[in-house]
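Contents: one structure, followed by commentary.
The values are calculated or read from the model by the stated rules, or taken from the named source; none is laboratory data. Keep in mind that this is a model prediction, so the values were computed, not measured. In this analysis, Cβ positions are derived from the backbone assuming ideal geometry, glycine residues included, and neighbour counts consider all displayed protein chains. Just so you know, the surface numbers come from the protein's heavy atoms only, side chains and all, with ligands and any DNA or RNA stripped out. Shrake-Rupley method; radii C 1.70, N 1.55, O 1.52, S 1.80 Å.
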Amino acid sequence: MTTRTFDDLVAEAESVSVEGWDFSWLDGRATEQRPSWGYQRRLGERLASARAALDIQTGGGEVLAGAGPLPPVMAATESWPPNVAKATTLLHPLGAVVVADPDEPPLPFADGAFDLVTSRHPATVWWPEIARVLRPGGTYFAQHVGPASVFELVEYFLGPQPEEVRRRRHPDDESRDAEAAGLEVTGLRAESLRTEFFDIGAVIYFLRKVIWMVPGFTVDRYRDRLRELDAKIRAEGPFVAHSTRFLIEARKPA
């Protein structure tokens, strides 16, 4: 348990940069169980056999950069300007082109441009566009955030959410949407993963970085709830939540 004051933890977590998709600042302050399938390793296996690939919503490019050698043609999209700059710096030396894209249709690529499209934790998924840019026989391979992920934390701040909100991004629904866009789902696995926050600074950093969890989150707006949660963590130990993830692979018929 930390001996630092609430105000010290808040000030630190408010001031640290949340650019990119690197969560190493949380080392020792929060933990998240990892899916058993090992997405980055599997991504590397698919990139190794691809000729032209696209990584959608690449974040700061860290996952793609760490997946191994990239195919001869490699593009990545990202919408947030600080991440576009970070991904460009990281991925250009590896041979990837980073394209600033608003994460809304259409994707800025020609029909059938890629034999592999990938994404890790996309905020939005436009299945007709994924199908359009895949060549016949091409594959979409991704790890998505599942329904009601870390909702113990979300509902602590926002209150109980309606069932239609809790069900968003359900793998069964995503699978149906993929097939409605003309893709054949060839693999689907889902897991619930234990997540722990050891101090209030970790909670603040997480909510600043993963901005869709509690939309409009600021410390000032939620200071009273944050102070209550800080006291709860100090008295009872880590705040426990559960993230949901699913691995999906879909093929465009030849």
**Item:** Count of the stretch 207-224 residues which are surrounded by 15 or more Cβ atoms within 10 Å (Cβ to Cβ) and closer than 20 Å to residue 161 by Cα
**Value:** 6
**Request:** Take the stretch 35-49 and flag every residue that is over 20 Å from residue 61 (Cβ atoms) and open to solvent by 30 Å² or more (accessible area, probe 1.4 Å).
**Result:** 36, 49
**Asked** Right, residue 6: surrounded by fewer than 19 Cβ atoms within 10 Å (Cβ to Cβ), more than 23 Å from residue 124 (Cβ to Cβ) and in contact (Cβ under 8 Å) with a residue 60 or more places away in the chain or not?
**Response** yes
**Message:** Need pairs with beta-carbon distance below 6 Å; first residue small (Gly, Ala, Ser) and within the stretch 165-187, second open to solvent by 80 Å² or more (accessible area, probe 1.4 Å) and not in a strand (DSSP E or B); sequence gap 6+ or separate chains.
**Reply:** 181/128
